[in-house]
Each structure stands twice: as C-alpha cells, then as structure tokens.
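The values are calculated or read from the model by the stated rules, or taken from the named source; none is laboratory data. Everything numeric here is computed off the predicted structure, so don't read it as measured data. Virtual Cβ from ideal backbone geometry, glycine too; neighbours counted across all protein chains shown.
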Amino acid sequence: MSLIEIQNVSKTFIKSNKDEHTVLDDISFSVKKGECFTIIGPNGSGKTTLLRILGLLERPSKGNILYKERNITNLSKKEIVAYRQKFSFVRQKPVVLNASVANNIAYGLKIREMEKSQIISKVKEIIELVGLKNKANTNARSLSGGEMQRVVIAMNFILSPEIYLLDEISANLDPKNVGLLEDFITKIKQDKTKTIILSTHNPLEAIKFADRIGVLNEGKLIQIDTPEKIFTYPKDEFTAQFVGYENIFNGFAKFDQKTGLNHVKVDDLIVYTSDQKEGHVKVCIRPESIVIAKNAPDNTSFCNSFKGKIENIRDLGNICHIFIKTKDKKFLSSITKESSINLNLKPESEVYFNFKATDVKCL
C-alpha cells in the first residue's frame, strides 16, 4: 500500500495580466512507507510547487492527494493543521524565528504540548548533532546562512514526522554543512518507518539517497525508475543530458550478426553499441566514458576508436573537459587534470578517443 499518492495533479497560476501559467501538468506517482523518493529536474521545472502540494501548503488546480488511501486534497483548515504535523517541509532558503537557537529548535515541540523535561532533553541531543551547542543562546537570525540552515534542519528533524519533504536544502550549503545534512538523511533512511521525498537539481545527490527517482521537466514527470535505470537507460534526450550523457547524436542503427553488436551510422562515423535498438536512434555517451590517447589503442575492449583534433580544453580544477572535433561531430571527454598534463594535451593536438560498446546507450 502507498503511504502517499498523487493522482493526475496539475497546478496553474494566474499572472498579473490574467494569463495562465501551468507549473505542473498531470503528475501521478506514489511513495511507499520507508522509501526515499527523489525528484530531479532543472530550476523552474516545478519541484518546489510539487513539494508544497504534497505538504498541503498549496492546493492543486486539478487532481487528488491521497494519504494512506484517504483523499486529503480539500481538507478544512483545522484538518490541514492536523495532517501537517505528519509532514516536515524544509525549504531551500532557511526561515528562523527571532529567538535563540534553542527556542527555535524547541518551538515545534512546544506547540505539540510536549512535557518541558522531554523538550529540554531532545533539544540538547539534536543541538549537539548539528554542531551548534556553543550557540544555543544566540539569536538564530544572527547566524551565518549555513548555520541557519542547520537550525532549520534541527527544527524539522526533531519533530520526527512521518514524511520529510526536503526542497533542494543542500543547494546553498558549504561542504561541512552538506556532510552534516547527509548524515541526517542517512540516519532517517535507516528508520524504515520514516519516508523522504526530496527535490534536487544535482544528479549525484539523487544517486546517493534515492530508492526511486522521478525526472521532472517543464511541469511534466517524464520518467520514474530506480537510480540505476534512470542513469543507465534514460528514456529521452532531456533525461540523458540531465544525468550526464552530454554526447548525444542522431544516427541509424542496424544489427550485425557477426559481432552481435549494433552498428550506428552517425554521419561519417560508425559507432558500435551493445544496445539492441534498431532504426533511427539517439546515441548517448557519457564524457567520463571517453578515454583519450596519443596513439591508436591496442586494447580490444575499445570497440569504438576515432581520431580527432582537440578544439578546446576547459580546466575545472581536478578534472578537465576536452572538446574533440572530427570531420562532422564534436565529442566531450572528461578526464583528470593529471591525465591531461601527462598526455600533454593542447588545443589543436591530434588524439585518439576511445569508448566501449557497453558505454553507448541508444534512445
């Protein structure tokens, strides 16, 4: 049985000029108890609106929200307050009360009328976990952005709700605070009675936590699956690009009986793939799957080997993006900076770039 379910939900806002703007379009999915369901998509795709609808902070224009099979779409204000206690909504931008750190964290427990001794004990425990023990009596609004986000995380996590709704909460955090957040999410995931629905535009964050991923783009949910399936078998070009397949080309695939591989004609190139799709396809290759060499490889595991000229090198710190041009196509390879130095790569250098047939996905 699903813990929470969205059925054919759409959300339309009316602009100041009375034009309609559809943010969500016919969204349907369900989440089981104990699951971490992650919504990924670019900024403006509708992630925040979707989480606000799930948290009963926004009503959908169409469709229904079911909680334990009960329709909770059009509750009274009193009923909404009762149900919101089952949810915890953590925003990307922290909002704290004009009060001490300790009083902020204790606030939710106080309005739930928990005994004072229990509140003191719980606040003491979580304030140490978020690393703010020495700032318990400091006004929360005087803290840094990262520290305020830690207060907000503690305020929500101390309530021990049934469903955690986390809206891109790592987007503006420094590495220390991101690590702290990850520890909290991991701890929640270990408690199989708790459910997490989080949004992010970071595919790596989705891989780290998600049991299932929903890909949202321009208000439409275009694929739902396990992280492995989403990242290995994206269903469309947008998903492929979003999760890292930056080399995407149109081609025509034909199965070769001798090799057991598909031969995909991409303009003047023949690309070999283990994917069995035939006909008109889109060829997708991750940048990190493309290996660069100065000489033609003698490694037979590379079914695909092409010669090209380096057009540009983008230094990204520990890694480099190498743009390689053939006669008709441009490929992107992502390699370590150390490898780039060892190969003495420079613009206009002629190189071989190689990748396996198993690294080529066809849509």
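Of these, Lys329, Lys307, Lys294, which one is within 23 Å of Asp236 (Cβ to Cβ) and touching a residue at least 40 places away in the same chain (Cβ under 8 Å)? Break it down into steps so the answer makes sense when it comes.
Values: Lys307 fails: within 23 Å of Asp236 (Cβ to Cβ); Lys294 fails: within 23 Å of Asp236 (Cβ to Cβ).
After ruling out the rest, the residue left standing is Lys329.
Being surrounded by 20 or more Cβ atoms within 10 Å (Cβ to Cβ), under 29 Å from Val23 (Cα atoms) and in contact with an Asp or Glu (Cβ under 7 Å, 6 or more places away or on another chain), is that true of even one residue in the range 180-191?
Checked against the condition, which is being surrounded by 20 or more Cβ atoms within 10 Å (Cβ to Cβ), under 29 Å from Val23 (Cα atoms) and in contact with an Asp or Glu (Cβ under 7 Å, 6 or more places away or on another chain), the range 180-191 yields no hits at all.
Per-residue answers, yes or no, for (1) in contact with a Pro (Cβ under 8 Å, 6 or more places away or on another chain); (2) free of Cβ contacts under 8 Å to residues at least 60 places away in the same chain; (3) surrounded by fewer than 19 Cβ atoms within 10 Å (Cβ to Cβ); (4) hydrophobic (A, V, I, L, M, F, W, C):
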| site | (1), (2), (3), (4) |
| --- | --- |
| Phe13 | no, yes, yes, yes |
| Lys18 | no, yes, yes, no |
| Ser30 | no, yes, yes, no |
| Ile39 | no, no, no, yes |
| Leu54 | no, no, no, yes |
| Glu58 | no, yes, yes, no |
| Gly63 | no, yes, yes, no |
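Return yes when Gln257 is in contact with a strand residue (DSSP E or B) (Cβ under 9 Å, 6 or more places away or on another chain) and without any contact (Cβ under 8 Å) to a residue 24 or more places away in the chain and no when it is not.
On the way: in contact with a strand residue (DSSP E or B) (Cβ under 9 Å, 6 or more places away or on another chain): no; without any contact (Cβ under 8 Å) to a residue 24 or more places away in the chain: yes.
So Gln257 does not fit the description; no.
Inside the range 240-287, counting only strands (runs of 3 or more DSSP E) that do not spill past its ends, which hold 1 or more residues that are surrounded by 14 or more Cβ atoms within 10 Å (Cβ to Cβ) and small (Gly, Ala, Ser)? Lay out the reasoning, then the answer.
Numbers: elements: 247-256, 261-266, 269-273, 279-285.
Hits in the range 240-287: 247-256.
For the range 304-363, list the strands (runs of 3 or more DSSP E) that sit wholly inside it and hold at least 1 residues that are out of contact with any strand residue (DSSP E or B) (no Cβ under 8 Å at 6 or more places or on another chain) and modelled with pLDDT under 95; which are they? Don't jump to the end; show me each part of the working.
Details: elements: 304-315, 319-325, 330-336, 350-355, 360-362.
So the answer is 304-315.
List, please: which pairs have Cβ atoms under 7 Å, are six or more places apart or on different chains, and start with a residue in the range 132-152 that is in the same structural domain as Val90 (by TED's automatic domain parsing) and end with one that is surrounded by 15 or more Cβ atoms within 10 Å (Cβ to Cβ) and among the acidic types (Asp, Glu)?
Note: pairs meeting the criteria are Leu132/Glu147.
Which one of Ser199, Ser170 is within 28 Å of Ser2 (Cβ to Cβ), touching a helix residue (DSSP H, G or I) at 6+ places or on another chain (Cβ under 7 Å) and in a loop (DSSP other than H, G, I, E, B)? Working first, answer last.
Values: Ser199 fails: in a loop (DSSP other than H, G, I, E, B).
Answer to the selection: Ser170.
Please specify each residue of the range 306-327 satisfying the condition of being under 18 Å from Ser289 (Cβ atoms) and small (Gly, Ala, Ser).
Gly308 - this is the single residue of the range 306-327 that is under 18 Å from Ser289 (Cβ atoms) and small (Gly, Ala, Ser).
Can you tell me how many residues in the range 113-147 are charged (D, E, K, R), loosely packed, with under 14 Cβ neighbours inside 10 Å and either in contact with a helix residue (DSSP H, G or I) (Cβ under 7 Å, 6 or more places away or on another chain) or part of a loop (DSSP other than H, G, I, E, B) (or both)?
3
Has the range 299-306 got at least one residue that is at positive phi and loosely packed, with under 15 Cβ neighbours inside 10 Å? Reasoning before the result, please.
So in the range 299-306, the residues at positive phi come out as none.
No.
Which residue out of Lys282, Lys309 is of a type in the set (Lys, Arg) and under 28 Å from the mean Cα position of the chain (by Cα)?
Lys282
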